[in-house]
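Novice: Sending over a structure as structure tokens; questions will come in a sec.
The numbers here are math on the coordinates, done by the rules we state, and not lab data. The structure displayed is predicted, hence computed values, not measured ones. Every residue, glycine as well, gets a Cβ built from its backbone with ideal geometry; the counts of neighbours run over all protein chains shown.
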Amino acid sequence: MTAAVIVFLVPVVLFVVAFLYETFLSFRRLKNPKAGKSGYLSATWEVTHTLLVTGVVMLVMLFTQSIDQLAAAIFWATFLAAVALGVRAVLYIYIFYVRSTNKTTWIDWSFAWTHLVAAGLLVVVVVRALWFLFKNNPVPNSQFLPYFIPGVIAVVLICCIPMLVLYKTKD
């Protein structure tokens, strides 16, 4: 059970850390409207979401026998987090690919705040999932764990190395 929880938590915790950094960048770019795209590292978006998807896949694959109960435990927080991420995506596309001015508006503020809302809701999802695992102690589907562990290590390395280079050189 511990290995299954660790395989789920490692990519999710790395996602939260990277997403909080992106949140910081989204608020920082509000101070300098001329920064435009350079005030926000768009390239990390794919990397952070790869970590999130990896964590979700690990959770779903490792607890297949309890997936309906787990889904019920995390449904609303997950649904609201997805809505916040969807709104964030629309604002992101508009700010960085549609609009022609760099002037800070309510859209930029909304973009920054959707980071906080999504991050908060995703933390709620993780806490609710962990509470479910602790409270119900479901049996993990450990037959694939020998494959998942190296897979998660590979994903973490593939994601973290470029992110560290991006943050070091572009920030």
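Novice: Could you give the dipole magnitude of the chain about its Cα centre, charging the beta-carbon of Lys and Arg +1 and that of Asp and Glu -1, in debye to the nearest 20?
Specialist: 660
Novice: Using r as the Cβ-Cβ distance of V83 and L145, and R0 as 41 Å, what FRET efficiency do you calculate, to the nearest 0.05? Working shown, then result.
Specialist: On the way: r = 33 Å, r/R0 = 0.80.
Working from the Cβ atoms, E equals 0.80.
Novice: By how many nm would the segment from T64 to M1 grow when fully extended, if each residue of separation counts as 0.36 nm and the alpha-carbon distance is taken off?
Specialist: 21.3 nm
Novice: Which helices pass in the chain if a helix is a full DSSP H run, must span at least 18 angstrom along its long axis by Cα, and must have mean Kyte-Doolittle hydropathy not below 1.6?
Specialist: Membrane-span-like by this criterion, though nothing is claimed about a membrane: 2-28, 67-93, 145-170.
Novice: Order these peptides, 54-65, 95-106, by their mean beta-carbon neighbour count within 10 angstrom, highest first.
Specialist: Top to bottom by mean Cβ count within 10 Å: 54-65, 95-106.
Novice: Another question, if that's okay. For the pair V124 and A154, how long in nm is the line joining their label points, each one 7 Å along Cα→Cβ?
Specialist: Label at V124, label at A154, 3.6 nm between them.
Novice: Can you give the extra length, in nm with one decimal, that the chain gains between S110 and N32 once fully stretched, where that is 0.36 nm per residue apart less the Cα-Cα distance?
Specialist: Gain in length upon complete extension: 26.5 nm.
Novice: If you bin every alpha carbon distance in the chain into 10 Å steps from zero, what whole percent lands in each bin?
Specialist: The calculated distribution, bin by bin, is 10, 35, 31, 17, 6, 0.
Novice: Over segment 2-170, how many pairs of lysines fall under 27 Å by alpha carbon, counting only those 8 or more apart in sequence or from different chains?
Specialist: For segment 2-170, qualifying lysine pairs total 11.
Novice: Would you calculate, for the chain, the mean residue ellipticity at 222 nm contributed by helices, counting each DSSP H stretch of 4 or more residues as -39,500 (n - 2.57) and dividing by all residues, to the nearest 500?
Specialist: Taking each H run of at least 4 residues, the total per residue is -27500 deg cm²/dmol.
Novice: Still on this structure, please answer the following. If we restrict to alpha carbons, what Rg and Dmax does segment 76-129 come to, in Å?
Specialist: Radius of gyration, then largest Cα-Cα span, for segment 76-129: 12.8, 42 Å.
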